[in-house]
Amino acid sequence: MVSFIPPIVAIGVVFGFTQQIFALNIGTIFALIFQGALVGIADQRVFPTLRHHDLEI
């Protein structure tokens, strides 16, 4: 979730200065909302033997 902070802050700063949102497309919104869940599902289903530094999933 920490990796989403810079783009969210950038969107907020630009919106604060311009009162407009530029280049916030469906792909950006989809990535911000679902990317973590999709990676988790892929880790469990597609790559079940993949280990992330001994983290529990």
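The values are calculated or read from the model by the stated rules, or taken from the named source; none is laboratory data. Here the structure is a predicted model, which is why all the values come from computation and not from measurement. No Cβ is skipped: glycine too gets one built from the backbone with ideal geometry, and neighbour counts run over all protein chains shown.
Per-structure values
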| read-out | value |
| --- | --- |
| Conditions (1) part of a helix (DSSP H, G or I); (2) surrounded by 10 or more Cβ atoms within 10 Å (Cβ to Cβ): number failed by Phe17 | (2) |
| Residue identified as exposed (fewer than 10 other Cβ atoms within 10 Å of the Cβ) and either of a type in the set (Asp, Glu) or modelled with pLDDT of 80 or more (or both) among Ile26, Ile11, Ile57 | Ile26 |
